[in-house]
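Any read-out appearing in this document is the output of simple, stated calculations on the displayed coordinates, not a laboratory observation. Given the structure is predicted, the values throughout are model-derived calculations rather than measurements. FYI the Cβ positions are ideal-geometry reconstructions off the backbone, even for glycines, and counts take in every protein chain you see.
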2 protein chains.
Amino acid sequence: MRTIGVREGEREPTLIEKPRPDPSDGEALVRTLRVGVDGTDHEVIAGGHGGTPAGDDHLVLGHEAVGQVVDSNGTALSEGDVVVPTVRRPPNGGNEYFEHGEADMAPEGSYHERGIVGAHGFMAEYFTSPAEDLVRIPASQADLGFLIEPISISEKAFELAETSRSSFTWEPESALVLGNGSLGLLTLAMLDRDDRYERLYCLGRRDRPDPTIDIMEDLGATYVDSRKTPVDRMPEVYEHVDFVYEATGYARHPFQSVQALAPNGVAALLGVPGPGEFEVDAGAFHSEMVLHNKAMVGSVNSGRRHFEAASRSLLELPRRFLDDLVTGVYDVSEFERAFDDGDTVIKTAVEFGTYEER
Amino acid sequence: MRTIGVREGEREPTLIEKPRPDPSDGEALVRTLRVGVDGTDHEVIAGGHGGTPAGDDHLVLGHEAVGQVVDSNGTALSEGDVVVPTVRRPPNGGNEYFEHGEADMAPEGSYHERGIVGAHGFMAEYFTSPAEDLVRIPASQADLGFLIEPISISEKAFELAETSRSSFTWEPESALVLGNGSLGLLTLAMLDRDDRYERLYCLGRRDRPDPTIDIMEDLGATYVDSRKTPVDRMPEVYEHVDFVYEATGYARHPFQSVQALAPNGVAALLGVPGPGEFEVDAGAFHSEMVLHNKAMVGSVNSGRRHFEAASRSLLELPRRFLDDLVTGVYDVSEFERAFDDGDTVIKTAVEFGTYEER
């Protein structure tokens, strides 16, 4: 079967022919429909993130998949079920985090991530997975189900942020999303569906005309150009915001965000920066945190319940938004186009097959 | 009646004679038993914190009080009840935070704090307070009830920290308290009563012999000398810890704490630093927060339910610990001694009266 992977020492995705896998006990065999591409894939390809599975000379890419079960292999799934796989797998017989069903809370080194580190991904005509790591979704999501993994990332971040504010009356009205990539825009659309948020902002560094700015404005959000309005100037130019969602990995953002937050607000951090030392007004950061009961939560990966919530959220996102967000779905025969990341590209996927009604 | 206050322009506490107050509607009249002294009082005296009430030339000190109701004035309280007052009061007719019973979440400028900013404190033979701001405690706590306010500060911080970790399985085993002042030691003793914590650490910068180190070690905690082991070296010298409680206001601590935290850990910040810019490894801070799902919560002040929890906690603290902690209780006639803050002083209080059984 055809797979798309990156060979050790290379820096671009390649078509790699591999045998179709056989499901082990407890695993189902899934025929892949579509697999999304995101920034992590580009990092893996650039060699900054990935880890080839032991004993192999390549890593099959892809962690944002949707597929259809073709062999349930005695598991609770049924042939024909449309499923989305979670990403983390136990490395050597598992550990307490996997036992709790909370692989997303496992520390570095205690998990593999399919398509990212230590385990092959889903960019293949078929893949196998333990049935417990396959989340069944409605057949109507066979086309856009590859968005469920990124949406689940925000579901988890929202959960951590919300619970951190759950011991008192917290009634957020405004939110700022840092980053106008596909994850930032998906998050903005999710916040737009939340009746509590009356005012939304999204930070980018693009000139108009730009398709991401169009999407923000279609959602009723205000575009904040970081070149004119750095995050810590938000209060001066716009307002203090109740919730900040950081999806760029720019290391100044956590400090600036605390200044942008309203009293009792929370910043969720998701982007991962490289090392970087610089001067910060640490006193102002610290005292703002304390005197206004602010919170900051880091969040990585997501668990099964976040995938389930993401499937429900995807049902609520406006079709027009999704059409604008997904700028290209390419057949595996022209997969290279899905890895193009020019300024007009927002979200792409590789198509391995199409949904078949049973 | 005698009160202890600080006059505008002066930098030391003085005896000030004032008329005994009359309770307004909804207020009770309380005969003061004891009032604790803490770092905030010293800041108020030094002029760095306080705000004299409008129209007055002095501020009566004291926010850690215990007293006995002498005139319930038609409220739900009874004469003879032992009570502890909360600290924040609405400045001008109140606001939503006070209406929710969450004055501790009110932003700066939207509250007065008795004995600290905008409203007279409790260092007076009598004080009045709305009955809803008086928390009834057992008569057995008439002697040490002045510790309930500081304990309540930690109850709130614990609540914020715990709820921030409540969406997943969090089983903390180790905690590090930054600061060996009375609040740090009270917090250490509270953590020691929590069966989950098997290993406790407390940071200070003192040479032995030192009474605070003795208290830590009596509680079974490990003394960490910050001159030898800065917080970010904790993992190397001891271990990563699940919970950090910051009570010093040293602006490097938030950054160092994130490195000291175990995966999925949380740091509660309570100390308030002055301004201070310096270089930090912001990339390492940010990526540790994200990749290990860490959290940081700021916490200030406390609400009625935290006072109620604090009264229950105080009942559980070992008498020996409390005896060691409270290094002096001084009659109002020698109140100056309660403001001495030498190295052998841990916690002091001024005594205005004694409990009377009714």
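List of remarks:
- With K and R counted +1 and D and E -1, the other residues having a Cβ less than 15 Å from that of A:Asp22 yield a net charge of -1.
- In this calculation the C-beta distance from A:Glu316 to A:Val237 is compared with R0 = 41 Å, giving a FRET efficiency of 0.85.
- Within-14-Å neighbourhood charge of A:Gly5 [Cβ basis; K, R +1; D, E -1]: -4
- For the protein assembly as shown, the equivalent ellipsoid derived from the alpha-carbon gyration tensor has semi-axes of 55, 26, 22 Å in decreasing order.
- Pair-distance distribution P(r) for chain B, from all Cα-Cα distances in 20 Å bins starting at 0: 30, 58, 13, 0 percent.
- Per-copy distances of the A:Asp225 label point, shortest first, in nm (7 angstrom along Cα→Cβ): 5.8
- C-alpha center-to-center spacing [region A:281-358, region B:223-275] in angstrom: 34 Å
- Estimated FRET transfer efficiency (A:Asp343, A:Lys18; beta-carbon r; R0 30 Å; 0.05): 0.30
- Rounded to 5, the percent of DSSP beta bridges in the protein assembly as shown classed as antiparallel: 55 percent
- For A:Pro107, label point 7 Å along C-beta direction: distances to other copies, nm: 3.8
- Here region B:102-122 is scanned for amide nitrogen atoms under 19 Å from the site 7 Å beyond the Cα of B:Glu43 along Cα-to-Cβ, giving B:103-122.
- DSSP finds beta bridges in chain B, and of those with both partners inside it, around 50 percent are antiparallel.
- Calculated FRET value between B:Ala76 and B:Arg358, using beta carbons and R₀ = 25 Å, to 0.05: 0.90
- With each label modelled as a point 7 angstrom along the Cα→C-beta vector, the B:Asp218-B:Ser333 pair spans 3.0 nm.
- For chain B, adding -39500 (n - 2.57) for each run of n ≥ 4 DSSP H residues and dividing by the number of residues yields -7000 deg cm²/dmol at 222 nm.
- A point 7 Å from Cα along Cα→Cβ stands in for B:Ser24, and the other copies hold the same point at 7.3 nm, listed in rising order.
- Working from Cα pairs under 8 Å separated by at least six residues, relative contact order for region B:154-298 is 24 percent.
- For a label point 7 Å along the Cα-to-beta-carbon line of B:Glu132, residues of region B:63-90 with backbone N under 15 Å: B:75-77, B:86-90
- Beta bridges by DSSP in region B:154-298, antiparallel share as percent, to the nearest 5: 0 percent
- A simple count of charges around A:Pro318, restricted to other residues whose Cβ falls under 12 Å of its Cβ and scoring Lys, Arg +1 and Asp, Glu -1, yields -2.
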